[in-house]
1. What FRET efficiency comes out for the pair ALA7/ALA43, r = Cβ-Cβ distance, R0 = 35 Å, nearest 0.05?
2. Show the residues, 5+ positions off or on another chain, whose built amide H is closer than 5 Å to the amide H of ASP89.
3. Under the Karplus relation 6.51 cos²θ - 1.76 cosθ + 1.60, θ = phi - 60°, what is the ordered set of whole-Hz ³J(HN,Hα) values for region 87-95, x standing for Gly and Pro?
4. If you count, for each residue, the other Cβ atoms within 10 Å and average over each peptide, how do 49-56, 116-123 line up from highest to lowest?
Amino acid sequence: MDVLLCAACGHRPAEPVRRLDEIPGFPGRDGLPGPDGLRRPPARLPRGGYAVDPLPYGAPFVPVPDDEEYDGVVPGGKWMSDERGCGPDGEHGVNRLCSCGAEVAIVAADCTSEYSTRFVPDAVRAVPA
């Protein structure tokens, strides 16, 4: 288990977590209500788990050209959310701050995307619990 700490002040912005070897594939999402009637997006990682993404994440996103097939369920795409509801989409970069004011994470939880909290690599550090 690891503890994530804010690099600026040492505050712990999350409960202890277990590092996973890789990021699981996204299970897909249509934005419609689930069996419980709510429009929660699926989580990308299991609760209490974290993984290091080798790819950059966040804005700026590049829209899909008009002549390409598009399923409408990716950040930055042509259809982000509509009257069915929405949440933070992560499209505009960091949207979570540490209590000290440091920008530490991007939360994505729009009704058409995965639910994920992506900590900014240089803003947090992982130490053994």
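Every read-out reported here was derived from the displayed coordinates using simple, explicitly stated rules and does not represent laboratory data. Because the structure is predicted, anything quoted here is derived from the model rather than measured. Glycine gets a Cβ as well: all are built from the backbone with ideal geometry, and neighbour counts include every protein chain shown.
1. Details: r = 25 Å, r/R0 = 0.72.
For R0 = 35 Å, the calculated efficiency reads 0.90.
2. So ASP89 has HN proximity to ALA109.
3. So the Karplus estimates, Gly and Pro as x, are x, x, 9, x, 5, 9, x, 4, 9 Hz.
4. Values: 49-56: 11.5, 116-123: 16.9.
Averaged packing, sorted descending, gives the order 116-123, 49-56.
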